[in-house]
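S.K.: Below you will find the structure I want to go over with you.
The values are calculated or read from the model by the stated rules, or taken from the named source; none is laboratory data. What you are looking at is a predicted structure, and each value in this text was computed from that prediction instead of being measured. Cβ atoms come from the backbone with ideal geometry, glycine included; neighbour counts cover every protein chain shown.
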Amino acid sequence: MAEIISMPQLSDTMEEGTVVKWNKKVGDKVSEGDILAEIETDKATQDFEIDVSGILLFIGVKEGEKTRVNETLAIIGKEGEDISFLLSELKKEKKSEEEEKGKRRFISPVAKKMAKKIGIPINKIKGSGERGRIIKRDVETYDKNFNPTKEKEEEMKIKIESRYPHSSMRKKIATHLTNSKFTAPHYYLVIEINVEKMIQLRKSLNEKLSTEERISFNDIIIKAVSISLKDHPNVNASWKKEEIIYHPYIHIGVAVSVKDGLIVPVIKNTDQKSLLQISKEIKDKVFRSKSKKIQPEEIENSTFTVSNLGMYGIEFFTSIINIPNSSILSVGAIMEKPIVKNSKIEIGHVMKITLSCDHRIIDGTTGSSYLQTLKKMLEDPITILV
């Protein structure tokens, strides 16, 4: 007997999914374990592995279209099996839903003909007949106040405006960040770092590495962030309703800009990894994030997050905490400016970093102490290689 395949819930927060690609077409044989399609959730694009075998008899969602979890995705059955009854039932269900949402319009033949002749859009006429049916009188009433010029102007406005439905990822970001901003009482600490030695260290390291292995400033910062957290466990914490959790591990989330918004892959046990290991892992996860191949477990369980906009020339900014983290570090651009050194003014390179803190967990002195440790490490970064 044919089986309806529904849109799966591929993450705990998924409400709807978009079919990115079908790997099978109607008429193809499918076996248990085959990757039937690639589905975009609110977090990532994942392979949908089928758990039945048979022939793909029907595809209910085209590539690029979305549907809610548990809605019909496809039908699989035996070769030549008659599924007309199933399709009829699905059509009835869809029609019933549309009627419940008020999408169906009832109109008499005379009223329909009259509206078409005059050029009045039916969806703008309010019906006074039974069940809201549009009748001749309604068209005549509307015709008295109908202004074609005004209607044309309204249509032009609609054509000029570009409107796109929220993507699953954008809705998730909106919910997550709104919850964070209005739940966690934020405050911000800013400090300036002299990065002359960090520039020298990066240059020295990259002279010995291949092009693919080149270290970025962000790699050095993330390594320093993780080592500094070992000395400040109160910052590596999460707020829960009845308790504060101090994590025994250090997992750093790295904010990555993608087409539909933002994703935060996690480098786990960052403090235990070498600078080169961190660099390679970040490159891999950034690439897979942008190509929507990152897996859900790779963007979960961060204990601290780093967001870097320095490459865009942003000198200073603040970030919303990536809850349940208690803080997030915002990294600005390296700027050339006059600095005082040995009582003399010289041209040097500095960078501003901002720590956004959840005041329920991190007091001002705690956050400031952490930044001082991080500043010391970034201004003498050779220590992160020890």
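S.K.: Given the criteria within 19 Å of Ser326 (Cα to Cα) and at pLDDT below 95, does Asn269 qualify? Walk me through how you get there before you give the answer.
M.R.: Working: within 19 Å of Ser326 (Cα to Cα): yes; at pLDDT below 95: no.
No.
S.K.: Could you tell me which of the residues Val306, Val331 is in a strand (DSSP E or B), closer than 18 Å to Ile199 by Cα and modelled with pLDDT of 95 or more?
M.R.: Working: Val306 fails: closer than 18 Å to Ile199 by Cα.
It is Val331.
S.K.: Please verify whether Ile134 is outside the structural domain of Glu15 (by TED's automatic domain parsing), surrounded by 10 or more Cβ atoms within 10 Å (Cβ to Cβ) and modelled with pLDDT of 80 or more, treating the condition exactly as stated. Walk me through how you get there before you give the answer.
M.R.: Details: outside the structural domain of Glu15 (by TED's automatic domain parsing): yes; surrounded by 10 or more Cβ atoms within 10 Å (Cβ to Cβ): yes; modelled with pLDDT of 80 or more: yes.
Yes; evaluated as a whole, the condition is true for this residue.
S.K.: Okay, next question. Restricting attention to the stretch 233-288, report how many residues are among the basic types (Lys, Arg) and surrounded by 14 or more Cβ atoms within 10 Å (Cβ to Cβ). It would help to see each step written out before you state the result.
M.R.: Start the filter on the stretch 233-288 by keeping residues that are among the basic types (Lys, Arg), which leaves 240-241, 259, 268, 273, 280, 283, 285, 288.
Still in the list and also surrounded by 14 or more Cβ atoms within 10 Å (Cβ to Cβ): 268, 273, 280, 283, 285, 288.
Total meeting the criteria: 6.
S.K.: Of Ile361, Ile334, which residue is within 27 Å of the chain's Cα centre (by Cα) and surrounded by 14 or more Cβ atoms within 10 Å (Cβ to Cβ)? Walk me through it before giving the result.
M.R.: Values: Ile334 fails: within 27 Å of the chain's Cα centre (by Cα).
Going through Ile361, Ile334 in turn, the sole match is Ile361.
S.K.: Which members of the stretch 19-56 meet the condition of being assigned to a strand (DSSP E or B), modelled with pLDDT under 90 and surrounded by 18 or more Cβ atoms within 10 Å (Cβ to Cβ)? Let's see the steps before the verdict.
M.R.: First pass over the stretch 19-56, keeping only residues assigned to a strand (DSSP E or B): 19-22, 29-30, 35-40, 45-49, 54-56.
Next, only the ones that are modelled with pLDDT under 90 stay: 40, 45-49.
Selection gives Glu40, Thr45, Gln46, Phe48.
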